[in-house]
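K.L.:
Pasting a structure below so you can have a look.
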Amino acid sequence: MAISKRGIYENPTKSPWGYERYESDLERRMMERLERDPTVAKWMKRHDVTIHWVDCQGRMRRYKPDFLVEYTGGRIAVIEVKDPSRVDSDDVQRKRSAAELWCKKRGIEYQIATLG
């Protein structure tokens, strides 16, 4: 299970911001990975992407993916970080379907990262 460790990632070199907030150790680890990845040109957690999805009771929900990433070749991806034990949950799969459709319409990728 993901550790709910909130904090501030200070002085990222590939984010347009002077700091980024993380809500879990998985998110912090992803920030470190994005910073080290030579194929990543830019990344941010504080972005304007909001995706609408429908929960299992039929209620409309809003979902803000964890990261927006631009790679050196120009490819753009929305990345959601999840604990591997939660990837197959109904809510995660519903959000994933909505996010994949949202991204496809915009010509960008959707990824779930488990950092396993």
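K.L.:
Please enumerate, by chain and number, the aspartates and glutamates with C-alpha under 12 Å from the C-alpha of residue 42, excluding those fewer than 8 residues away in the same chain.
P.N.:
List returned: 70.
K.L.:
Would you mind checking 45/82; 14/95; 14/104; 64/104 for any pair whose Cα atoms are more than 18 angstrom apart?
P.N.:
Over 18 Å apart, Cα to Cα: 14/95; 14/104.
K.L.:
If I take all pairs of Cα atoms in the chain, what percentage of them are more than 16 Å from each other? It would help to have the intermediate numbers written out before the result.
P.N.:
Working: 4070 of 6670 pairs.
Here the tail beyond 16 Å accounts for 61 percent of pairs.
K.L.:
To continue, here is another question. How would you rank 16-22, 52-58, highest first, on the average number of other Cβ atoms within 10 Å across their residues?
P.N.:
Going from most to least packed, we get 16-22, 52-58.
K.L.:
Ignoring ligands, DNA and RNA, what percent of the 1.4 Å accessible area of the range 1-71 is carbon and sulfur?
P.N.:
Working: 2180 of 4440 Å².
So the carbon and sulfur contribution to the accessible surface is 49 percent.
K.L.:
Identify which of 105, 82, 45 has the largest mean-square fluctuation in a Gaussian network model of the chain, with springs joining Cα atoms closer than 10 Å.
P.N.:
105
K.L.:
On to the next question. Any idea of the accessible area per residue across the chain, 1.4 Å probe, to the nearest Å²?
P.N.:
61 Å²
K.L.:
Given springs between every Cα pair under 10 Å in a Gaussian network model of the chain, which of 14, 42, 104 has the largest fluctuation?
P.N.:
104
K.L.:
If you add up the charges near residue 55, with Lys and Arg at +1 and Asp and Glu at -1, over every other residue whose beta carbon is less than 12 angstrom from its beta carbon, what do you get?
P.N.:
Overall, the nearby charge balance is +3.
The values are calculated or read from the model by the stated rules, or taken from the named source; none is laboratory data. Computed from a prediction, not measured in an experiment: that's the story for all the values here. As a convention, Cβ positions derive from the backbone with ideal geometry for all residues, glycine included, and neighbour counts pool all protein chains shown. Please note that ligands, DNA and RNA were not included when accessible areas were found on the heavy atoms of the full protein model with its side chains. Shrake-Rupley method; radii C 1.70, N 1.55, O 1.52, S 1.80 Å.
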